[in-house]
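These notes concern the structure reproduced below.
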Amino acid sequence: MAMTMTEKIIAKHCGLESVQPGMLVMANLDMILANDITAPLAIDEFEKAEFNKVFDKEKIALIMDHFVPCKDIKSAIQVQKTKNFASKIGIKHFYDIGESGIEHAFLPEKGLVKAGDMIIGADSHTCTYGALGAFSSGVGSTDFAVAMVTGQSWFKVPKSIKFEIIGKPKKGITGKEVILYIIGKIGVEGARYCSMEFVGSGLKYLNMADRFTIANMAVEAGAKNGIFAVDKITEKYLKEHCDKEYTVEVADDDAEYYKTYTIDLSEIDYCVAFPHLPENVKTPNEWGIIPITQVVIGSCTNGRYEDMCIAAEILKGRKVAKGLKCIIIPATQDIYLKCIKNGLAEIFIKAGAIISTPTCGPCLGGHMGILADGESCVSTTNRNFIGRMGHINSKIYLASPSVAAASSILGRLATPEEV
């Protein structure tokens, strides 16, 4: 039976010759992960059931990244609880501040996830690893707790939607514009419980940072997962970051897709998702004058070194608008260090921005940039729901690092060409 990329990975991890959409299956897992918010809930369930060991101490990653450095007593207790559990059970991949970063940037960087893997995480943006040609999806803390013991998780095989990527993007257009364009086109439920499969000749113009961004936001279209066809760009990244063998699954020519979309990169302009949904996408001719009070450049969506370089190129020799807060958050310690070594940190500081240690922080309204009543933020994060970054009367505009950097200079929503 012909299968898509996702169907092939699921079938292999279930020990089946084939699967089809709608089937309920139990799959073996290659890596599972949780963070300082979701791990403690899973630990409670683990201990309540009186479990005392995990299926594989090397296939569990616990990354402290959401409220770090700990912002208050409650967040400190969360980290302490997870750290004590990891030590007691002997989990190899426990990472706290000073050695890690935001989970969905950190795991690929350290080669802990790879093509062909079956991955779940107690975080909705676990779908990020589909950029590497893996099946990865978010689950609840209870499912994560069971997976820690069994090494398995159940799934309903999703329908697959093919996104045929063609054309060459205009100068300055990145993966953030691509995924916002797609979500604006199909809506936040346009891929509900589906696999978004990205293929086509246009992939050669999307670097790994672009692909991580696109896969990361697949869940914002309601998808179960997003996955990219593995090519030379993927293999180069894996060779640089991962020393383990990996498997490349290619969709059959006659695989059946629920829907097919053709996305011409050359037709995509700067895109910004206006409040309060990622599907509320507008291009520059629709923006008008939108004053802002804050800019955030970072997160698991756009905190990679390539994103830092884009922001630095625009901020170099310029100043952040008077009275505006510009917060820059490299996604991992290695990215942070690279920013320092290569002069990006100096550019940011001279421009009047601040640089934070790696943290999810403001993305979920945690810390390091909470919005007050009436404030507006241009952010490179992935969600702009009501109250997401603070007060329910604040507003979030989702954008690429270039648009965010340009906006920080002019104090309003702006394109790079305006500065």
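The values are calculated or read from the model by the stated rules, or taken from the named source; none is laboratory data. Model, not experiment: these values are computed from the prediction. Please note: Cβ atoms are built from the backbone with ideal geometry, for glycine as well, and neighbour counts cover all protein chains shown. Side chains included, ligands, DNA and RNA excluded: accessible areas come from the protein's heavy atoms. Shrake-Rupley method; radii C 1.70, N 1.55, O 1.52, S 1.80 Å.
Key figures
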| item | result |
| --- | --- |
| Enumeration of residues in the range 6-27 that are out of contact with any Ser or Thr (no Cβ under 9 Å at 6 or more places or on another chain) and open to solvent by 50 Å² or more (accessible area, probe 1.4 Å) | Gly15, Leu16, Glu17, Gln20, Met23, Leu24 |
| Tally, over the range 139-183, of residues that are under 30 Å from Ile268 (Cα atoms), open to solvent by less than 40 Å² (accessible area, probe 1.4 Å) and out of contact with any Ser or Thr (no Cβ under 9 Å at 6 or more places or on another chain) | 2 |
| The range 366-394, residues that are touching a Leu at 6+ places or on another chain (Cβ under 8 Å) and not aliphatic (A, V, I, L, M) | Cys377, Ser379, Thr380, Thr381, Asn382, Arg383, Asn384, Phe385, Arg388, Gly390, His391, Ser394 |
| Pairs where the first residue, in the range 295-316, is more than 17 Å from Asn207 (Cα to Cα) and open to solvent by less than 10 Å² (accessible area, probe 1.4 Å) and the second is acidic (Asp, Glu) and at pLDDT 95 or above, C-beta under 7 Å, 6+ apart | Ile297/Asp307 |
| Output for the range 343-391, where each listed residue is more than 19 Å from Ile290 (Cβ to Cβ), part of a loop (DSSP other than H, G, I, E, B) and of a type outside the set (Gly, Ala, Ser) | Thr357, Pro358, Thr359, Cys360, His367, Met368, Ile370, Asn382 |
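Yes or no, residue by residue, for (1) within 17 Å of Ser160 (Cβ to Cβ); (2) open to solvent by 60 Å² or more (accessible area, probe 1.4 Å):
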site	(1), (2)
Ile233	no, no
Lys236	no, yes
Lys239	no, yes
Tyr246	no, yes
Tyr258	yes, yes
Thr262	yes, yes
Glu267	no, yes
Cys271	no, no
Pro275	no, no
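Listed here are the residues, each with its yes/no results for (1) of a type in the set (S, T, N, Q); (2) in contact (Cβ under 8 Å) with a residue 60 or more places away in the chain; (3) crowded, with 21+ Cβ neighbours inside 10 Å; (4) more than 26 Å from Asp210 (Cβ to Cβ).
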{"residue": "Pro330", "(1), (2), (3), (4)": "no, yes, yes, no"}
{"residue": "Lys341", "(1), (2), (3), (4)": "no, no, no, no"}
{"residue": "Ile355", "(1), (2), (3), (4)": "no, no, no, no"}
{"residue": "Thr380", "(1), (2), (3), (4)": "yes, yes, yes, no"}
{"residue": "Pro401", "(1), (2), (3), (4)": "no, yes, yes, no"}
{"residue": "Ile409", "(1), (2), (3), (4)": "no, yes, yes, no"}
{"residue": "Pro416", "(1), (2), (3), (4)": "no, yes, no, no"}
